[in-house]
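Just below is one structure, and these are the notes that go with it.
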Amino acid sequence: MPRRTNLTVGGASVEMVEHVLAALSGMQVDNCEVAVVSPEMPGLDGSSAAYVEAIRQAGIVQQDEVRKLLVISDIVRVGDDEAWVEARPSNKLQLDFKYRLDYGFNSPIGRETLTGSLTPKFFEHELSSARTFVLESEAEWLRSQGLCKQVGFQDLVVFGPEGPIENELRFDDECVRHKTLDLIGDFALAGCDIAGSVIAYRSGHRLNAELVKQLLLENQVQLGLRRSA
């Protein structure tokens, strides 16, 4: 807490990059310059929808350069019984994923599962508009730390005992869709396409990034089949 992915190079740092990285990865854009004049990326509505729209408006141009590809060759798993994420080999040159979200039966969020394959169509229509969510107790903690003071219940999906407060879900399973969006954004930290299958159980940014590091250490990045864009 707060839960976000940050990039640091030398003395420069940009926070909350997972949503723009997810949009770029989901739309198969690997050569893009993003300029930001703030220490963090815009929160917008807590999803990647605005970034996808910006990519659509800018246009996608296929280039001559061949994209790099990491093919998962062995099972790699990080985490413990409470939360984990695992990568497995696959016979397909794409990223398949399954995310299991589990807040328990007594939580307003409950348990949700999402399975899919990373394609621009699936990302844009099924994942990109899924928003960040928190429990009411987490929102109160953030405000006690001086964070999110200008953010209202309409700007963030906050769950009280009976469900979203002053807000409505865009999907019945919007929470697991957003966690999958975050997973895709974190896997973009690899800097290349990934072929294989990923299964996650209650994982977050830290575990996702840890798995990416392990995959880069244990697998060789090669030239893929797709062109850069």
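The values are calculated or read from the model by the stated rules, or taken from the named source; none is laboratory data. Keep in mind that what you see is a predicted model, and the values were worked out from it rather than measured. For neighbour counting, all protein chains shown are included, and Cβ atoms are generated from backbone atoms with ideal geometry for every residue, glycine included.
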Name every residue in the stretch 108-121 that is over 17 Å from R3 (Cβ atoms), touching a residue at least 12 places away in the same chain (Cβ under 8 Å) and more than 13 Å from the chain's Cα centre (by Cα), in order of residue number. P108, E112, T113, L114, T115, G116, S117, T119, P120
For the stretch 206-222, check the following and say yes or no: at least one residue is part of a strand (DSSP E or B) and surrounded by fewer than 16 Cβ atoms within 10 Å (Cβ to Cβ). yes
Which residue is nearest to F123 (Cα to Cα), if the candidates are limited to the stretch 34-53 and must be of a type in the set (A, V, I, L, M) and loosely packed, with under 13 Cβ neighbours inside 10 Å? V34
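Kindly indicate which of E218, E174 is of a type in the set (D, E), at pLDDT below 95 and out of contact with any Leu (no Cβ under 7 Å at 6 or more places or on another chain).
Result: E218 is the single residue among E218, E174 that is of a type in the set (D, E), at pLDDT below 95 and out of contact with any Leu (no Cβ under 7 Å at 6 or more places or on another chain).
From the set of residues in the stretch 112-138 that are in a strand (DSSP E or B) and among the polar types (S, T, N, Q), which is surrounded by the most Cβ atoms within 10 Å (Cβ to Cβ)?
S117
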Exclusive hit being free of Cβ contacts under 8 Å to residues at least 24 places away in the same chain, within 30 Å of E218 (Cα to Cα) and exposed (fewer than 12 other Cβ atoms within 10 Å of the Cβ), set D74, D81: D81
